[in-house]
Amino acid sequence: MKLLTKTTLYFIIIMLPVFGAGAFFLFHKFNKEIKHETDEELANDQLQWLRYLDTASIDNPIFRFRTQEFQLIPTDQPVQRKFKLKGVTLYQETEDAQAPFRELSQVISIHGKHYQMILRKSMIEKDDLLKNIIYVMLLAFGGLLVFVVLSNWFISRNVWRPFYRTLDKIRHLQLNKMEARRFASTPTHEFNQLNEALNQMTDRIHQDYINMKELTEDAAHEMQTPLAIAQSKLELLLQDENLSEDQLKNIGQTSEELQRLSRLNHNLLLLAKIENQQYPVTEQPDLHLVLIQYLSLFEELIREKELTVATNLVASAPWPLHPALADILVSNLLGNAIKYNYPTGRIHITLTEKTFTISNTSNLPEIPAANVFQRFRKSNQGYSNSNGLGLAIVKKIGETYHIQITYQYLNGLHIFTASC
Amino acid sequence: MKVLIIEDEPSLRNSIREYLEHQGFVCEVAADFREAIDKVTDYEYDCIVADIGLPFGSGLDVIRELKSLKSKAGIIIISAKDSLEDKLSGLELGADDYLTKPFHLSELNARINALLRRKNFDGNTSISFFEITVIPASKTVLVHDKSITLTGKEYQLLVYFIANQHRVVTKSALAGHLWGDAYDQAGSYDFIYTHIKNLRKKMMEAGGEDYIKTVYGTGYRFG
């Protein structure tokens, strides 16, 4: 639920009893006031009547009135010193309904004769009053509701805008591009605090990230020299003519492992450099030429395994990629298609202006989608020459230079597609 | 042939020196920037092998100095920094070649040989090893003065072997020489064996001696 919907809902829930109580209070208050007024009027009327009756009774007639509003009936009851007030309901013939009345009654004496005097006033306005109050209240409540919804909409469009802008920025935050992301200051104090905190946080994360990356790069660089020394020493050691076959073999294996270590190091550095965008796009190398070059470079590997290579290449496919990366992209994908193929297997290569697809047969099962581009994720036990970084590098090139790299397994073919 | 090795790591410096001296070069060494500048201003060298990261300065500045002295020496950069800018700026300054650490000594030696041939004789010279003669300009190989036909890779192998004669050359060094960075992708070195077998066969058919000895488990020795 949106924050605004929620606040609006709460507002309505709180306002409903408040308005109800208000309506009840108003009704009660008005009702009391009307009763009071009517009672006063009745008392006043009685005073007038008494005066009139006093003057009108010189001839000492016997009065007998009986209307709904005024009754004067002779009685034997003793004279009452004070009048009594009460509410009654009487049947109205014209409307065929009961109607509320206020009634004043007192036994009075006119020239020695006792009369029961009753004065009544209609309270029919009371019903109308209740209707009016409910009507007004509903109108006010509805009006307020519309106003609240409208103003909330307005608020969400304006006051909350910096919040949504910040949210959008956080959503698109990337670790390697954090530096460029600034959460701008806003006229709202709370959002300012939020943005400031976010700025500090991203700065800190970015700094940590840079430190980590520098550590990796420095470590990789620093490793090159000892590797170079160890390798050169082994190469010199190999020249000793007095070495036994076993010793030679051990040196050879050690040298081989050193090679592997330096390749690994080289590839880790390469990954870091691609991520750092140290390969600017200054020209558009023709992928067709790159492909032809690597096909001829890998010629003997293909021949050795007796692979069938079917190609369908467009004459020219300039891709927006650094030439070194174009080489790596093609050689890694083509190299894998050869390395993981079985003897007399097949390779299909399709190159259009925007896509490069390479598929190959293999004894390996489908690679789980989650693992295919992960570092050091080797599904290829027994291929000790792999360091598990080839596809990770391809993927990184894709991510950094907006080339989509996808993997598919179809009819026994491992299919890799790069599209720009 | 005189080579100056500018490298601050003593172990690596000595390895390079030992290997190159064994291959018949006269070597001098410089351990830092100042020593390097002193040596290049005072003496003439045929080839200079220079590291970029040096105490008191950069190898790139040594190249600048060499160029301002109008030195004819061939320059090979060896750097731990496998960075493109270094490579490009080095080559732009006038370096002739670039090798990233770690490298094979046999590769460095082969590159120096190729560079010196290019520089000193404009490639118009032949390389001889007993009955074998290689003419780089036309990529021709003669055995007992009879021309034999080699594939590109076989030719590269032969030149590499002759440059590193009498030395054990590892399979990975050969693979790196023939395929560059892409040899990562090879998966195995088996295919080198095919090339060597063919090269050996072609030379022996022409009456040449079998100079390529297999060194158990590691590589090959030529001569």
- Message: For the range A:282-313: of the residues being touching a residue at least 60 places away in the same chain (Cβ under 8 Å) and farther than 16 Å from A:SER359 by Cα, which is surrounded by the most Cβ atoms within 10 Å (Cβ to Cβ)?
- Response: A:LEU287
- Message: Condition first: more than 8 Å from chain B (Cβ to nearest Cβ) and surrounded by fewer than 17 Cβ atoms within 10 Å (Cβ to Cβ). Can you find one or more residues in the range A:336-343 that meet it?
- Response: yes
- Can you pull out the residues in the range A:125-138 that are under 23 Å from A:THR7 (Cβ atoms) and either polar (S, T, N, Q) or without any contact (Cβ under 8 Å) to a residue 12 or more places away in the chain (or both)? A:LEU138
- Message: Scan the range A:193-213 and tell me whether some residue there is surrounded by 16 or more Cβ atoms within 10 Å (Cβ to Cβ), more than 9 Å from chain B (Cβ to nearest Cβ), among the aliphatic types (A, V, I, L, M) and over 29 Å from A:ASN276 (Cα atoms).
- Response: yes
- Go through the range A:314-325 and count every residue that is within 13 Å of another protein chain (Cβ to nearest Cβ) and crowded, with 20+ Cβ neighbours inside 10 Å. 2
- Note on the structure: All-but-one check, B:GLU92 against (1) closer than 25 Å to A:SER262 by Cβ; (2) without any contact (Cβ under 8 Å) to a residue 24 or more places away in the chain; (3) part of a helix (DSSP H, G or I), failing number (1)
- Yes or no: B:GLN156 within 18 Å of B:GLY219 (Cβ to Cβ) and not in a loop (DSSP other than H, G, I, E, B)? yes
- Message: I'd like the residue in the range B:158-207 that is touching a His at 6+ places or on another chain (Cβ under 6 Å) and buried (at least 20 other Cβ atoms within 10 Å of the Cβ) and, out of all such residues, is farthest from the other protein chains (Cβ to nearest Cβ).
- Response: B:TYR160
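Here is a yes/no grid of residues against (1) loosely packed, with under 14 Cβ neighbours inside 10 Å; (2) of a type outside the set (Ser, Thr, Tyr); (3) touching a strand residue (DSSP E or B) at 6+ places or on another chain (Cβ under 8 Å); (4) without any contact (Cβ under 8 Å) to a residue 60 or more places away in the chain:
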site: A:GLN48; (1), (2), (3), (4): yes, yes, no, yes
site: A:GLU69; (1), (2), (3), (4): yes, yes, yes, yes
site: A:LYS84; (1), (2), (3), (4): yes, yes, yes, yes
site: A:HIS114; (1), (2), (3), (4): no, yes, yes, yes
site: A:LYS121; (1), (2), (3), (4): no, yes, yes, no
- Task: Being crowded, with 22+ Cβ neighbours inside 10 Å and away from chain A (no Cβ under 12 Å) is the filter here, so list the residues in the range B:46-72 that pass it.
- Result: B:CYS47, B:ILE48, B:VAL49, B:ALA50, B:LEU54, B:GLY59, B:VAL62, B:ILE63, B:LEU66
- Residue hits (the range B:1-45; of a type in the set (Lys, Arg) and either touching a Gly at 6+ places or on another chain (Cβ under 8 Å) or more than 12 Å from chain A (Cβ to nearest Cβ) (or both)) are B:LYS2, B:ARG34, B:LYS39
- Note on the structure: The correct count of residues that are part of a helix (DSSP H, G or I) and either of a type outside the set (S, T, N, Q) or loosely packed, with under 15 Cβ neighbours inside 10 Å (or both) in the range A:177-192 is 7
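So that you can scan it fast, the table gives a plain yes or no per residue for (1) more than 25 Å from B:ILE192 (Cα to Cα); (2) surrounded by 19 or more Cβ atoms within 10 Å (Cβ to Cβ); (3) modelled with pLDDT of 95 or more; (4) not hydroxyl-bearing (Ser, Thr, Tyr):
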| site | (1), (2), (3), (4) |
| --- | --- |
| B:SER89 | yes, no, no, no |
| B:GLY94 | yes, no, no, yes |
| B:LEU99 | no, no, no, yes |
| B:PRO102 | no, yes, no, yes |
| B:PHE121 | yes, no, no, yes |
| B:THR125 | yes, no, no, no |
| B:SER138 | no, no, no, no |
| B:ASP145 | yes, no, no, yes |
| B:LYS153 | no, yes, no, yes |
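The values are calculated or read from the model by the stated rules, or taken from the named source; none is laboratory data. This is a predicted model, so every value here is computed, not measured. FYI the Cβ positions are ideal-geometry reconstructions off the backbone, even for glycines, and counts take in every protein chain you see.
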